[in-house]
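The values are calculated or read from the model by the stated rules, or taken from the named source; none is laboratory data. For clarity, every value in this text was computed on a predicted model and none was experimentally measured. Please note: Cβ atoms are built from the backbone with ideal geometry, for glycine as well, and neighbour counts cover all protein chains shown. Protein only, heavy atoms only, side chains kept; ligands, DNA and RNA dropped before computing areas. Shrake-Rupley method; radii C 1.70, N 1.55, O 1.52, S 1.80 Å.
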Amino acid sequence: MAAAKKLVRLLMVVVGVAGPGAAALSMDYYGMSCPFADMVVRNVGCDASVLLDSTPDNTAEKDAPPNKSLRGFEVIDRIKQALEMQCPGVVSCADIVALAARDAVLMAGGPYYVVPLGRRDGTRSNAADTVALPPPFLNATELAQLFATHNLNLQDMVALSGGHTLGAAHCANFKNRLATEAATLDSSLGSSLSSVCAAGGDGATATFDRTSTMFDGVYFRELQQRRGLLSSDQTLFESPETKRLVNMFAMNQAYFFFAFQQGMLKMGQLNLKEGTIGEVRRSCRIIN
Ligand code: HEM
């Protein structure tokens, strides 16, 4: 499941990194060329740049500080190897990430969502590009502005933040909240997180919710109890427009799943490379 969480984290990473482009993917893109590629999951507008290793003269995205926690690359390698045996040079790494993330969500008990396919892999992976990722200290208004630039509305934003029903974050990303947000932080969670970070430093981790390997509505119920981990999580309950959505998702998991499906479909078609732009990498770690 650790790898699954990393894959879902990739979903967010890819939103900020690729260049602009129009979306025209299709559900049966590999229908003739690799008919069972669809057995590996679907989503994300990823150009898979995040999978490229650093070289002596280029620090790749995955070695940039915001992505240090990404793992699961080995899973992608294995999927790629299997697909290369069956249909060499056909299925892009970007599509593999999208499909694998969909599988991870489903395996963790979350909703199944459709993943249109046909993304191409990018030929650039630069650590500096990750500045486009939303930082964990943004408030709801700032997050809404950022999501709106990708045509993602408030409901998409709150539902997609529900991706934090899986996984964990490092102290480096929430220690400021411990120091400055006592009013919106459950005191017992505050003390236990403070102990974790005091003992382990910036590299120590804490899970986003109590059921971190299950895709469920617990993340939203914890926000209601002021037990959100990042400032960017708790702010969703502190701002009136997003609080309404948090309460709805906390009460109605089916509605959360529905909104997450919609959000993922939209997020999975952002910033695409398709047609003849980019390539289908032979190894997800190296440009052809
Ligand atoms: C709302 C804006 C978002 C912000 C500010 C944000 C920020 C972060 C941060 C800071 C971490 C922890 C990194 C670390 O310390 O290792 C994280 C982890 C994670 N994020 Fe987000 N994220 C956002 C949206 C999303 C979305 C939309 C998804 C997926 C739909 C997602 C899925 C994940 C997952 C699964 C993890 C855990 C990975 C692990 O266990 O290592 N996030 N996010």
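The table below gives the values:
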| quantity | calculated |
| --- | --- |
| Test: residue in region 190-207 that is within 15 Å of the ligand (Cβ to nearest atom), in contact with a His (Cβ under 8 Å, 6 or more places away or on another chain), of a type in the set (Asp, Glu) and open to solvent by less than 70 Å² (accessible area, probe 1.4 Å) | no |
| Unique match (being out of contact with any Asp or Glu (no Cβ under 6 Å at 6 or more places or on another chain) and in the same structural domain as PHE220 (by TED's automatic domain parsing)) among ALA98, ALA128, ALA144 | ALA144 |
| For ALA254: the one exception among (1) of a type in the set (A, V, I, L, M, F, W, C); (2) more than 30 Å from MET27 (Cβ to Cβ); (3) surrounded by fewer than 17 Cβ atoms within 10 Å (Cβ to Cβ) | (2) |
| Residue check for MET267: of a type in the set (A, V, I, L, M, F, W, C), touching a Leu at 6+ places or on another chain (Cβ under 9 Å) and open to solvent by less than 30 Å² (accessible area, probe 1.4 Å) | yes |
| Number of the condition not met by PHE237 [criteria: (1) part of a helix (DSSP H, G or I); (2) surrounded by fewer than 18 Cβ atoms within 10 Å (Cβ to Cβ)] | (2) |
| Tally of residues being more than 8 Å from the ligand (Cβ to nearest atom), part of a helix (DSSP H, G or I) and open to solvent by less than 20 Å² (accessible area, probe 1.4 Å) across region 141-153 | 0 |
| Selection count where residues are open to solvent by 70 Å² or more (accessible area, probe 1.4 Å), more than 13 Å from the ligand (Cβ to nearest atom) and not aliphatic (A, V, I, L, M), scope region 154-187 | 2 |
| Count of region 185-214 residues which are within 20 Å of ALA108 (Cα to Cα), among the hydrophobic types (A, V, I, L, M, F, W, C) and at pLDDT 95 or above | 2 |
| Failed condition for ARG210, given (1) assigned to a loop (DSSP other than H, G, I, E, B); (2) touching a Ser or Thr at 6+ places or on another chain (Cβ under 9 Å); (3) not β-branched (Val, Ile, Thr) | (2) |
| Which listed residue is crowded, with 23+ Cβ neighbours inside 10 Å, more than 10 Å from the ligand (Cβ to nearest atom) and in contact (Cβ under 8 Å) with a residue 24 or more places away in the chain, from ARG226, ARG221, ARG281 | ARG281 |
